[in-house]
Amino acid sequence: MSQAIAFYFISACILGFAVLVITTKDTVHSVLFLVLDFLFVAALYVLLGAQFLAAIQILVYAGGIVVLYLFVVMLVNLKRPPEAHQDPHRRTNWGLALSVAVLVELGAVGAYSYARPAPALAAAATSAMPVTGNTEQVGWLLYTSYLIPFEIASMLLLVAMIGAIVLAKREL
Amino acid sequence: MITPTHYMLLSAALFMIGVIGVMVRRNIIIIFMSIELILNAVNINLIAFSAQLQNAVGQVFAIFVIAVAAAEAAVGLGIILAFYRNKETVNIDEMNLMRW
């Protein structure tokens, strides 16, 4: 019961702050709402028993990526709001209509799968989570079965870092 | 009782908010933040199934998603800065140099 209350509260906060992120006029406020949204997503991870992911979420997203966004928002000091320029060829209503169509489809899929519950997925689980901690488990998987993807991810981050430096440098 | 369906509906709703942000807003920084929301929706789905199946592989994939999101944010914001230095705008309607 308390889990349900926590879930609904956290979900409401996540969705509410997400709506605020995309509707606020001021970009700085938008970034700050994004921080709050990420923090509530981290709370949801804790609720799901993924404490390591919650810590990563706070460190990488709320601590790193959002600060990057704030830097860029501060660097591009906008003399005129970007929304002021109206492109006559832009079809915002079409974009909204397409989004609503996809939302309806997703709702239909949800209603359909709610009417026919899937066979118990938990029964298909090969092995129950051992009693060791969540971090230990994730680390074990990362450094054994998923070692090569892990190394590729590190290479991707290195390439992205070099690319960002090259892009942001005024003259090379 | 909170079932995976609840988490999937939350994830779908968050995904849709991100998609609407990408489609409707013109400020490219807001569009990048909407993409982060979309990636978070994917992560919620992965971790909900990881908890449901009692299998930590979903969390490993969520870590990869976060790594890709960090790379995307760094490169994308670098592109925004480089573009802003040349054109003094972050409005995607004015970013039509490569439009066919």
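Where a number appears in this text, it was derived from the coordinates with a stated rule and is not lab data. Note that the structure is predicted; figures quoted are calculated from it, not measured. Every residue, glycine among them, receives a Cβ derived from its backbone with ideal geometry; neighbour counts consider all protein chains shown.
List of remarks:
- For the range A:1-38, the set of residues classified as at the interface with chain B (Cβ under 7 Å from one of its Cβ atoms), of a type in the set (G, A, S) and closer than 23 Å to B:P4 by Cβ consists of A:A4, A:S11, A:A18, listed by residue number.
- Residue list for the range A:67-78, filter: in contact (Cβ under 8 Å) with a residue 12 or more places away in the chain, farther than 14 Å from B:V75 by Cα and under 19 Å from the mean Cα position of the chain (by Cα): A:L70
- Conditions (1) within 21 Å of A:F150 (Cβ to Cβ); (2) in contact with a helix residue (DSSP H, G or I) (Cβ under 7 Å, 6 or more places away or on another chain); (3) within 7 Å of chain A (Cβ to nearest Cβ); number of the one not met by B:L77: (1)
- Looking only at the range B:2-12, and only at residues there that are of a type in the set (A, V, I, L, M, F, W, C) and farther than 19 Å from A:I5 by Cβ, the one that is nearest to the chain's Cα centre (by Cα): B:A12
- Among the residues of the range A:39-51, those that are within 7 Å of chain B (Cβ to nearest Cβ) and either hydroxyl-bearing (S, T, Y) or part of a helix (DSSP H, G or I) (or both) comprise A:V41, A:L44, A:Y45.
- The condition (being β-branched (V, I, T), touching a residue at least 40 places away in the same chain (Cβ under 8 Å) and either in a helix (DSSP H, G or I) or within 7 Å of chain A (Cβ to nearest Cβ) (or both)) is satisfied by just one residue among B:I17, B:I44, B:I31: B:I31.
- Test: residue in the range B:90-98 that is without any contact (Cβ under 8 Å) to a residue 24 or more places away in the chain, surrounded by fewer than 20 Cβ atoms within 10 Å (Cβ to Cβ) and at the interface with another protein chain (Cβ under 7 Å from one of its Cβ atoms): yes
- Counted residues, the range B:69-89 - those being free of Cβ contacts under 8 Å to residues at least 12 places away in the same chain and either part of a loop (DSSP other than H, G, I, E, B) or within 16 Å of A:V159 (Cα to Cα) (or both): 8
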